[in-house]
Ligand code: NAI
């Protein structure tokens with residue numbers, strides 16, 4: 001019996017993500033919470049003939065939505081409009097995430113908390129600092145969801161190489177993304193040296209990296225002020241949540257471990273990764289090994305095979321990342 005709660009479930013991401021979760025055999029109870037419309041969205045989904053039960057909770061009923069949850073996914077908050085960076089969302093979303101995480105600590109203290117709300121580089125530190133303050137921080141249970149960067153990196157690699165010979169599906173084995181989740185903190189790593197050489201030889205490598213880092217802007221601009229990525233994000237968020245659910249149900253992973261943006265000092269392998277990266281940054285996205293749905297270890301062997309260009313991207317990432325992290329930490333500390 002596994003209960004998943006989606007906070008922000010009636011939004012652009014929340015609705016399709018909830019639909020995908022309704023289809024999952026690993027979910028027995030799906031609780032949808034939002035400030036608006038969640039009971040309606042839940043009633044709609046509850047007519048789908050999969051076995052899970054789906055219930056909606058309005059803004060007065062957050063405790064009931066969270067009670068007994070094993071996994072809490074948070075896409076609550078405002079999305080970007082054209083010309084905005086993810087950092088511009090901080091003022092509103094930091095407060096939303098802090099409040100929702102504090103409520104999760106109280107009503108579902110052992111839930112894994114998956115944070116989608118942007119800017120992830122800062123909202124994850126906000127979540128962790130909030131949990132530290134309430135004395136209920138379990139580092140392996142807090143994960144920033146960066147899977148959309150991985151999905152984009154694979155799609156755009158196939159596009160750049162010429163999709164007919166290099167299918168998008170086959171790219172799953174050849175590229176991952178580390179670092180953070182905004183602009184130049186996003187660092188794609190092409191693990192297949194032949195594919196990487198093809199891009200470099202065709203002088204497409206820099207444009208490829210730029211597209212992965214700023215691909216979100218393509219969607220924001222195309223939606224003309226109506227928001228940012230929702231459908232591709234719902235799929236990415238589902239992939240990540242599904243890995244957590246598979247791990248809870250002791251099912252082997254069906255794809256390579258996805259990265260998550262996590263608190264390094266609290267996780268096995270985290271200090272080792274910090275030392276190898278020569279960074280003070282305490283949060284970083286890298287592939288993680290899960291155990292019973294918690295992050296058990298953060299991997300660092302990917303560092304062994306990276307190129308000089310990737311090292312350069314990593315250095316740029318780390319410079320910017322710590323500023324984003326400190327912003328999140330200061331937000332919580334200022335409330336003391
Ligand atoms: P949206 O505006 O369509 O939906 C957000 C939902 O959150 C709304 O239904 C709103 O009522 C709800 N909400 C706001 N405050 C709340 C609260 N205190 N409690 C519960 N619900 C609350 O926005 P969209 O497009 O779904 O994006 C949501 C967030 O996800 C944004 O911050 C966006 O930047 C982020 N995002 C993250 C990505 C990632 O890769 N991690 C990718 C794309 C977007």
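Each reported figure results from applying straightforward, stated rules to the coordinates on display, with no laboratory input. Given the structure is predicted, the values throughout are model-derived calculations rather than measurements. Neighbour counts run over all protein chains shown; Cβ positions are idealised from the backbone, glycine included.
Could you give the length gained by full extension between residue 1 and residue 214, i.e. 0.36 nm per residue of separation minus their alpha carbon distance, to one decimal place?
Length difference between fully extended and current span is 72.8 nm.
By the gyration tensor of its Cα atoms, with a ≥ b ≥ c the square roots of the eigenvalues, what is the shape of region 107-195: rounded for a/c under 1.5, prolate for a/b over b/c, or oblate?
Taking the square roots of the gyration eigenvalues as a ≥ b ≥ c, region 107-195 is prolate.
Would you please give the FRET efficiency between residue 254 and residue 48, computed as 1/(1 + (r/R0)^6) with r the Cβ-Cβ distance and R0 = 22 Å, to the nearest 0.05?
Once rounded, the FRET efficiency stands at 0.45.
Which of rounded, prolate, oblate describes region 1-127, given a ≥ b ≥ c as roots of the alpha-carbon gyration tensor eigenvalues and a/c under 1.5 marking rounded, otherwise prolate only if a/b is larger than b/c?
prolate
Between rounded, prolate and oblate, where does the chain land on the alpha carbon gyration tensor, with a ≥ b ≥ c its root eigenvalues, rounded for a/c under 1.5, else prolate if a/b exceeds b/c?
It is prolate, given that a/c is not under 1.5 and a/b is the larger ratio.
Could you put 107, 181, 210, 47 in order, starting from the residue whose Cβ has the fewest other Cβ atoms within 10 Å?
47, 210, 107, 181
Compute the distance in nm between two label points, each set 7 Å from the Cα along the Cα-to-Cβ direction, one at residue 231 and one at residue 289.
Rounded to a tenth, the inter-label distance reads 3.8 nm.
Using only Cα atoms, locate the centre of region 164-243 and the centre of region 15-85, then give the distance between them in Å, rounded to an integer.
Cα centroid of region 164-243 versus Cα centroid of region 15-85: 26 Å apart.
Full-extension gain between residue 197 and residue 99, please, as 0.36 nm times their residue separation minus the C-alpha to C-alpha distance.
30.6 nm
How far is helix 147-161 tilted, in degrees, relative to the longest principal axis of the Cα atoms in the chain, given as a value from 0 to 90 rounded to the nearest 10?
In the chain, helix 147-161 runs at an angle near 30 degrees to the longest axis.
What's the extension gain from residue 58 to residue 165 if we count 0.36 nm per residue and subtract their Cα-Cα distance?
33.6 nm
For the Cα atoms of the chain, what angle does the longest principal axis make with the long axis of helix 231-248, in degrees from 0 to 90, nearest 10?
It is inclined by approximately 80 degrees.
GNM, the chain, Cα, under 10 Å: largest mean-square fluctuation among 149, 58, 294?
58
What distance in nm separates the simple spin-label points at residue 276 and residue 333, each placed 7 Å from Cα in the Cβ direction?
About 2.9 nm, to one decimal.
Tell me what the chain gives for mean residue ellipticity at 222 nm when only DSSP H runs of n ≥ 4 count, each as -39,500 (n - 2.57), the sum divided by the residue total, rounded to 500 deg cm²/dmol.
One gets -14000 deg cm²/dmol as the mean residue ellipticity at 222 nm.
Can you compute the label reach from residue 28? Point 7 Å from Cα along the Cβ direction, backbone N cut-off under 13 Å, restricted to region 212-249.
Output list for this probe position: 249.
How many nm is it between the label spots at residue 302 and residue 206, if each spot is 7 Å from the Cα in line with the beta carbon?
2.4 nm
Could you tell me how many degrees, from 0 to 90 and to the nearest 10, lie between the Cα long axis of helix 120-133 and the main elongation axis, the longest principal axis, of the Cα atoms of the chain?
50 degrees
Report the residue, chosen from 305, 49, 99, that carries the largest GNM mean-square fluctuation when the chain is represented by alpha-carbon nodes joined by springs under 10 Å.
Looking only at 305, 49, 99, the largest GNM fluctuation is found for 49.
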